[in-house]
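Here the structure comes first, spelled out in structure tokens, and everything after it is commentary.
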Amino acid sequence: MYPVRGGAGPGGWKDRVGDGYGWGLSEHELDTGFVGLVSLDGHWSTGTSWQGAFSVSFNSKPPWHGCIHSTPYLGTIPPGGSRESRGRIWYFHGGIEALAKLAAVPGSPASVPA
């Protein structure tokens, strides 16, 4: 699990994820909540990102399995309460670098909504 710089609200990500929920926890902080995966042939990519993401995690066991997770911080939700986070899930014809660039352009149709 990789924490996102500035994520997880008051107290920061270390208070929220502890040991990484069994994923292992990196000491390296990311600047974005984007995480993606490219197909084995390199022609297709998928990615996800959410407002307020506090961590990303992934695993990959080609050729049959690949998980990606961008986890938004929603705070404490009281009984009967609700929270929202806006984000995107992409299926993209092209490489992961091109998708990451597209996802990072503020205001683009592919960026995470503000």
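Read-outs: derived from the displayed coordinates by stated rules, not from any lab. Computed from a predicted structure; not experimentally measured. Cβ: placed from backbone, ideal geometry, glycine included. Neighbour counts: every protein chain shown.
Quick look at the numbers
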{"item": "Amide H contacts under 5 Å for Ser55, placed H, 5+ residues apart", "result": "Val4, Thr71"}
{"item": "Distance between modelled label sites at Ala104 and Arg83, nm, 7 Å Cα→Cβ extension", "result": "2.7 nm"}
{"item": "Residues Thr32 and Thr76, FRET efficiency given R0 of 25 Å [Cβ-Cβ distance, rounded to 0.05]", "result": "0.50"}
